[in-house]
Structures are given as structure tokens and as C-alpha cells.
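Step one of this worksheet: look at the structure below.
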Amino acid sequence: MIKVFMLVVIAVVLTPAHAGPVATYDFASEEQEALFNKLSNELRCLVCQNQAIADSNADLAKDLRDEIYGMLQQGKGEDEIVEFMVARYGDFVLYRPPMKPVTWLLWFGPALALIVGFFIVMRIISKQKRAAAVEMNAEEIERLKALQSEVQVVKNTGDRKA
């Protein structure tokens with residue numbers, strides 16, 4: 001029993017802690033904290049690219065959270081903070097980029113790809129239909145008629161036996 005206890009103690013002591021320090025921020029008001037949380041969830045982590053900076057553990061995300069906190073402590077508003085982040089990192093930092101010529105591909109690209117894909121599929125289908133409808137020459141037509149008449153004779157013979 002003592003050996004088991006000693007093994008558990010050694011395992012606990014030698015196992016590195018995987019939890020890192022958690023950054024805590026002191027806010028002057030609940031509105032300021034709500035704005036911090038809103039901005040942290042609306043700004044994209046540039047390292048992770050598909051995570052908000054609130055969810056990311058990347059060093060850059062931590063720096064961006066610290067930057068937002070500092071700007072809030074300076075009394076800056078939501079628009080000023082977002083403008084600063086866009087000026088520094090571009091529209092990519094926003095999960096909902098603004099509608100402007102530079103971002104039209106982001107907004108309309110998926111619909112355009114769907115429409116183009118639809119037309120490509122329709123073209124392939126029509127080519128297959130045209131390929132299946134090959135014209136036959138006179139010899140092939142005569143052979144087909146002969147085969148059809150043979151099938152008809154076999155059917156008639158089969159009907160009489162039944």
C-alpha cells in the first residue's frame with residue numbers, strides 16, 4: 001500500500017502542469033467588461049484564423065486581448081478599437097468584414113462558386129445525353145428491327161406455351 005501511495009505521489013510531482021496562467025482583467029464597470037467580451041468574440045485570431053481571440057491560446061491573441069483591455073482602460077469606444085485593429089491587421093481580423101469592393105469575393109464568392117458549379121454539372125449532363133443519343137446508320141437500324149422482330153416472335157411463342 002505504501003508503494004502504491006509513493007508511486008502516486010511521484011507521478012503527481014513529476015507530471016508537469018498543463019494549465020497555464022489565466023489572464024484576469026479588472027474592469028471599471030460591467031458595460032466595459034461586456035464590451036471587452038463582445039470585441040474578444042468578434043475579432044479573429046490571426047494565427048488560428050478560425051477562432052476568436054477570446055477562444056485562442058496563441059500569444060498574438062493574448063496580446064490583442066491585452067490591447068483591447070488597455071484601450072478600454074483609456075476610455076476608447078468600440079468603434080475606435082475596431083478601427084485600430086482593422087488599420088493594423090486589415091479586414092481579415094473581423095469575422096463580419098464590411099461590404100466594399102475589396103471584400104466582395106468574401107461576400108459573393110460562395111454563391112458564385114455554387115452557380116458556376118451548377119452550370120458545369122448541367123453541361124456535363126447534357127454532353128452525356130448527347131453522347132448517348134448517337135445516330136445510327138441504315139445497317140444498324142435494319143439489325144435493330146430484326147432483333148426486335150425476333151424478340152416479338154420469342155414472346156409470342158412463350159405466350160402460346162403458357
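Coordinate-derived values only; no laboratory data. Model, not experiment: these values are computed from the prediction. Glycine gets a Cβ as well: all are built from the backbone with ideal geometry, and neighbour counts include every protein chain shown.
Observations on the structure shown:
- Estimated inter-spin distance, Asn137 and Ile120, nm [label 7 Å along Cα→Cβ]: 3.8 nm
- Result for the chain in a Gaussian network model with C-alpha springs under 10 Å: among Ala87, Ala138, Ala54, the largest mean-square fluctuation is at Ala138.
- Among Leu112, Leu46, Leu64: highest mean-square fluctuation, GNM of the chain, C-alpha pairs under 10 Å: Leu112
- Rounded if a/c under 1.5, otherwise prolate or oblate - the chain, Cα gyration tensor axes: oblate
- Angle between the chain longest axis and helix 78-89 axis [Cα atoms, degrees, rounded to 10]: 70 degrees
- Modelled FRET efficiency - R0 41 Å, Gln49 with Glu80, Cβ distances, 0.05 increments: 0.95
- Three-way shape call for region 102-161 based on the alpha-carbon gyration tensor, with the a/c threshold at 1.5: oblate
- 25 Å Cα-Cα reach of Lys155 towards lysines, excluding residues that sit fewer than 8 places from it in its own chain: Lys145
- Region 23-98: C-alpha gyration tensor shape, a/c 1.5 cut-off, then a/b vs b/c: oblate
- Acute angle (nearest 10 degrees) that the helix 30-42 long axis makes with the longest principal axis of the chain, alpha-carbon atoms: 40 degrees
- Net +/- balance of residues flanking Pro97 in space, Cβ distance below 14 Å, scoring K and R +1, D and E -1: 0
- DSSP-loop GluC sites (Glu not before Pro) across region 77-162, with at most 12 other Cβ within 10 angstrom: Glu135
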